[in-house]
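K.L.:
Here it is, the structure in full.
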Amino acid sequence: MKLKVTTVGNSTGVILPKELLEKLRISKGDTLYVTETPRGVELSPYDEEFATQMEIAEAIMREDRDVLRKLAE
């Protein structure tokens, strides 16, 4: 898919076609994340850094389940 860089107000932007928005499952107001890859950049609604932090938090919660349950009382 080819996209054209255009002027949007005083900025420069890219218009994403409806088909691409549907594939990404995003709409106006959503956030896209840019990740640098060996082939260039990747746009995604998925925040890789946040997902990594959540995996760490979930591991801690599994390991310390009893402690967290006591703290919640």
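Please treat every number below as a calculation from the coordinates, not as lab data. These numbers come from a predicted model, not from an experiment. As a convention, Cβ positions derive from the backbone with ideal geometry for all residues, glycine included, and neighbour counts pool all protein chains shown.
K.L.:
Per residue of the stretch 11-16, what does 6.51 cos²θ - 1.76 cosθ + 1.60 with θ = phi - 60° give for ³J(HN,Hα)? Whole Hz please, x for Gly and Pro, Karplus curve as stated.
P.N.:
10, 10, x, 10, 8, 8
K.L.:
Another one. Evaluate the charge dipole of the chain about its Cα centre and quote only its size in Debye, nearest 20, assuming +1 on the Cβ of each Lys and Arg and -1 on the Cβ of each Asp and Glu.
P.N.:
Approximately 520 debye in magnitude.
K.L.:
Would you mind telling me which residue in 31, 52, 12 has the biggest mean-square fluctuation in a Gaussian network model of the chain, where springs connect alpha carbons within a distance under 10 angstrom?
P.N.:
Result for the chain, Cα springs under 10 Å: 12 fluctuates most.
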